[in-house]
Structure formats: C-alpha cells, structure tokens
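FYI, it's all coordinate maths here, none of it is from the lab. The shown structure was predicted, so the numbers you read here are calculated from the model rather than taken from an experiment. Glycine gets a Cβ as well: all are built from the backbone with ideal geometry, and neighbour counts include every protein chain shown.
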Protein chains: 2
Amino acid sequence: MPKASIKLIFGNALRALREDRGYSQEELAERAGLHRNYVGSVERGERNVALENIVKLAKALSVRTKDLFESLP
Amino acid sequence: MPKASIKLIFGNALRALREDRGYSQEELAERAGLHRNYVGSVERGERNVALENIVKLAKALSVRTKDLFESLP
C-alpha cells in the first residue's frame, strides 16, 4: 500500500465519523484542541498524523482510538 | 491523560505484541523497515509515532493496525 493511501484512508475514516456526529471540521477541531485547517488537511490525506493527535481526534469524536483504524489493514 | 502516557501505553502494547510473536526489537525493526533504536524508543514511550510507521509496525507483527490501540481509550 503506498504511503499516500494510508493517510487518505485515515482521513476518509475521520471525515466519515465526523459527519456521522454532525460536526463541522471547525467544531471537531475545537473539541480536539486542534486547528481547523489541520483537521481539513488530515481529512484530505495530507498528514502523517501522530499518536497524540490521533487520540485527541478520537476523544473529540467520542469513539475509541482503534475505531479510527477500522478501514486500515 | 498526560501526553507521556499515551506514548507509553502504545509502547507497552507494541512490546507485548512483539514478545508474543517471539521477535527481538531488531527482528521487528527489520521486518518493519525501521531502525532498531527507533523501535526501542517507541517501546519506551519516547516517540509520538505517526500513522505510516504505526501501520508498518502492525504489518510487521501480522496484526491489524487497530490491535495496537486495544489498551488506549
């Protein structure tokens, strides 16, 4: 699997969960203590997101961290 | 949860899965295409590991990526 696609699969999973919660990117960013531009770039598969931000995003979505990885191998 | 502990919980989970497989840190590093010192520092909770390396480590352990997050909230 090429590097870009791991980031994009993660970004798509994040977007799907965010939309499921009815949050805008801005709302999610605020809940997670991250910048809205950062959240947008994660969803577009542009970021190699690290552990601490992954956990912040999961918490902001009220899901377990592992739930963000359901679409990845 | 303080930042250090997320990294350490992840590191402990990685170590447990690695030992379960009977791999040394060096064997795991080689299978994952990473440096053995890097793997050691991840296990000690010193690294904010990013998405692409998380997926490499899971693949090298023959587990799903989400299995590395079982101990995290």
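Laid out as a table, the results:
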item: Any hit, the range B:3-17, residues being hydroxyl-bearing (Ser, Thr, Tyr) and either over 23 Å from A:Ser5 (Cβ atoms) or surrounded by 20 or more Cβ atoms within 10 Å (Cβ to Cβ) (or both); result: yes
item: Odd one out for A:Gly33, checked against (1) farther than 17 Å from B:Lys66 by Cβ; (2) within 9 Å of the chain's Cα centre (by Cα); (3) of a type outside the set (D, E, K, R); (4) more than 10 Å from chain B (Cβ to nearest Cβ); result: (2)
item: Scope the range A:51-66; condition buried (at least 18 other Cβ atoms within 10 Å of the Cβ) and either in contact (Cβ under 8 Å) with a residue 40 or more places away in the chain or not charged (D, E, K, R) (or both); matching residues; result: A:Leu51, A:Asn53, A:Ile54, A:Val55, A:Leu57, A:Ala58, A:Ala60, A:Leu61, A:Thr65
item: Test: residue in the range B:53-61 that is away from chain A (no Cβ under 11 Å) and small (Gly, Ala, Ser); result: yes
